[in-house]
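The values are calculated or read from the model by the stated rules, or taken from the named source; none is laboratory data. Here the structure is a predicted model, which is why all the values come from computation and not from measurement. For neighbour counting, all protein chains shown are included, and Cβ atoms are generated from backbone atoms with ideal geometry for every residue, glycine included.
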Amino acid sequence: MLKTMFREHYRPNGSDNAWTSHLTERQMNDIRLHLSWELGMDTFEWGREKVAESIVNRFKKLGVFLFLKHVVVTDLAR
């Protein structure tokens, strides 16, 4: 689900740590919930940039970030 939410909301803008800046608080809480499940820790006190950075770092660690970024860019071009 976290990958789906990332794909839906991520907009490449030069800073991967700021991709959550345009999201509503409800969207952020949904993302925090799924990030908490993924990391096995409470992320609800984290700010937007920390959440964004943590998701990008997690996807990089899993080796899927560049692929997901490519998918988003391709979707936006359509």
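Here are some notes:
- Subset of region 50-64 that is part of a helix (DSSP H, G or I) and either over 10 Å from the mean Cα position of the chain (by Cα) or basic (Lys, Arg) (or both) - its residue that is nearest to residue 21 (Cα to Cα): 50
- Residue match in region 6-26 (condition: surrounded by 14 or more Cβ atoms within 10 Å (Cβ to Cβ) and touching a Leu at 6+ places or on another chain (Cβ under 7 Å)): yes
- For region 38-49, the tally of residues that are in a loop (DSSP other than H, G, I, E, B), surrounded by 14 or more Cβ atoms within 10 Å (Cβ to Cβ) and of a type outside the set (Val, Ile, Thr) stands at 1.
- Restricting attention to region 42-64, the residues that are farther than 17 Å from residue 1 by Cβ and not polar (S, T, N, Q) add up to 11.
- Residues of region 32-55 include at least one that is closer than 25 Å to residue 75 by Cα and in contact (Cβ under 8 Å) with a residue 40 or more places away in the chain.
- The residue that is modelled with the lowest pLDDT, among those in region 1-37 that are in a loop (DSSP other than H, G, I, E, B) and closer than 14 Å to residue 51 by Cα, is 15.
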